[in-house]
Amino acid sequence: KAGVTQTPRYLIKTRGQQVTLSCSPISGHRSVSWYQQTPGQGLQFLFEYFSETQRNKGNFPGRFSGRQFSNSRSEMNVSTLELGDSALYLCASMRAAGGVELFFGEGSRLTVL
Amino acid sequence: AQSVTQLGSHVSVSEGALVLLRCNYSSSVPPYLFWYVQYPNQGLQLLLKYTSAATLVKGINGFEAEFKKSETSFHLTKPSAHMSDAAEYFCAVSGAFGQAGTALIFGKGTTLSVSS
């Protein structure tokens, strides 16, 4: 059974640009969550999507957005990149409402220069 | 509000020694508690989870954790460390997991070093 797949694994952008990260959940999983991991702030929740609807959002500015498609694949977008957006962005999927286990992908490492 | 505190950002043990990683939580609702492990340049892998069943939870790779409500703790232990256990470990809490409005709250992490 394939795990959570995130693309790209590594990318470099410059300040002011925007970036789109992709996440394919485990087959059959309908919930997708995104987390940001930085050395200073640790792991922080960005948002969660379930059946194409955002049902929870963390405390991040509006530059961070996401969406989920009908096949449960998800994308997150960061516009007007800042140096502080450099981080490992982790996607996690979960079976359905009532599930308790998140399965994480290997992450997309974003470097903003 | 929920929070997690991991005591000790870095723990060093010798191979074969007991591993003890400490986690204390704060939650206004009955919590779900998790321990995840992260190896360099990889994502998070679930070691074990507490979901209000047995208070002593056994996980993968010989790890276990005990939920102690009176102490609001969920410490992770392993009787005998192996070199392959060297990694970063995260404790996390969530209430009513899987329902709308929930998310995992992670501790800052503990880096485990194992020496031969």
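The values are calculated or read from the model by the stated rules, or taken from the named source; none is laboratory data. These numbers were taken from a predicted model, which means no experiment stands behind them. Neighbour counts run over all protein chains shown; Cβ positions are idealised from the backbone, glycine included.
So which of B:52, B:9 is within 14 Å of another protein chain (Cβ to nearest Cβ), out of contact with any Pro (no Cβ under 8 Å at 6 or more places or on another chain) and surrounded by fewer than 15 Cβ atoms within 10 Å (Cβ to Cβ)?
Just a single option satisfies the conditions, and that option is B:9.
The conditions are (1) in contact (Cβ under 8 Å) with a residue 24 or more places away in the chain; (2) more than 9 Å from chain B (Cβ to nearest Cβ); (3) in contact with a strand residue (DSSP E or B) (Cβ under 6 Å, 6 or more places away or on another chain); (4) surrounded by 12 or more Cβ atoms within 10 Å (Cβ to Cβ), and residue A:17 fails exactly one of them. Which is it?
The single condition residue A:17 does not satisfy is (3).
Strands (runs of 3 or more DSSP E) wholly in chain B with at least 3 residues that are under 18 Å from residue A:37 (Cβ atoms) and aliphatic (A, V, I, L, M) - which ones?
In chain B, B:44-50, B:87-95 are the strands (runs of 3 or more DSSP E) which contain 3 or more residues that are under 18 Å from residue A:37 (Cβ atoms) and aliphatic (A, V, I, L, M).
Is there a residue being in contact with a Lys or Arg (Cβ under 6 Å, 6 or more places away or on another chain) and either closer than 23 Å to residue A:11 by Cα or more than 8 Å from chain B (Cβ to nearest Cβ) (or both) anywhere in region A:53-69?
The answer is no; no qualifying residue exists.
Would you be able to say whether some residue in region A:17-30 is of a type in the set (Lys, Arg), more than 10 Å from the chain's Cα centre (by Cα), modelled with pLDDT of 95 or more and not in a strand (DSSP E or B)?
Checking region A:17-30: not a single residue is of a type in the set (Lys, Arg), more than 10 Å from the chain's Cα centre (by Cα), modelled with pLDDT of 95 or more and not in a strand (DSSP E or B).
Among the candidates A:37, A:44, A:68, single out the residue that is surrounded by 13 or more Cβ atoms within 10 Å (Cβ to Cβ), more than 22 Å from residue B:47 (Cα to Cα) and under 14 Å from the mean Cα position of the chain (by Cα).
A:68
Out of the residues in region B:35-93 that are among the charged types (D, E, K, R) and within 12 Å of the chain's Cα centre (by Cα), state the one that is modelled with the lowest pLDDT.
That would be B:49.
Just give me the residues in region A:3-17 being of a type in the set (Lys, Arg) and more than 11 Å from residue A:85 (Cα to Cα), in sequence order.
Across region A:3-17, the qualifying residue is only A:9.
What single numbered condition from (1) more than 8 Å from chain B (Cβ to nearest Cβ); (2) touching a strand residue (DSSP E or B) at 6+ places or on another chain (Cβ under 7 Å) fails to hold for residue A:95?
If we test residue A:95 against (1) more than 8 Å from chain B (Cβ to nearest Cβ); (2) touching a strand residue (DSSP E or B) at 6+ places or on another chain (Cβ under 7 Å), just (2) comes out false.
Say we look at region B:55-91 and pick out the residues that are in contact with a Gly (Cβ under 9 Å, 6 or more places away or on another chain) and of a type in the set (D, E, K, R); which of these is nearest to the other protein chains (Cβ to nearest Cβ)?
Among residues in region B:55-91 that are in contact with a Gly (Cβ under 9 Å, 6 or more places away or on another chain) and of a type in the set (D, E, K, R), the one nearest to the other protein chains (Cβ to nearest Cβ) is B:88.
Would you check which residues across region A:47-64 are part of a strand (DSSP E or B) and either surrounded by fewer than 18 Cβ atoms within 10 Å (Cβ to Cβ) or at pLDDT below 95 (or both) and list them?
Those that are part of a strand (DSSP E or B) and either surrounded by fewer than 18 Cβ atoms within 10 Å (Cβ to Cβ) or at pLDDT below 95 (or both): A:47, A:48, A:49, A:50, A:53, A:54, A:55, A:56, A:57.
If residue A:12 satisfies every condition in (1) among the β-branched types (Val, Ile, Thr); (2) within 14 Å of chain B (Cβ to nearest Cβ); (3) over 11 Å from the mean Cα position of the chain (by Cα) but one, which is the exception?
Tallying (1) among the β-branched types (Val, Ile, Thr); (2) within 14 Å of chain B (Cβ to nearest Cβ); (3) over 11 Å from the mean Cα position of the chain (by Cα), residue A:12 fails exactly one: (2).
Enumerate the pairs (first residue in region B:64-90 and over 18 Å from residue B:45 (Cβ atoms); second residue anywhere and part of a helix (DSSP H, G or I)) with beta-carbon separation below 8 Å, excluding pairs fewer than 6 apart on the same chain, so at least 6 apart or on different chains.
Close Cβ pairs satisfying both conditions: B:79/B:62; B:80/B:62.
Against the condition within 12 Å of the chain's Cα centre (by Cα), in a strand (DSSP E or B), surrounded by fewer than 20 Cβ atoms within 10 Å (Cβ to Cβ) and more than 9 Å from chain B (Cβ to nearest Cβ), how does residue A:111 come out, does it pass?
No: the conditions fail for residue A:111.
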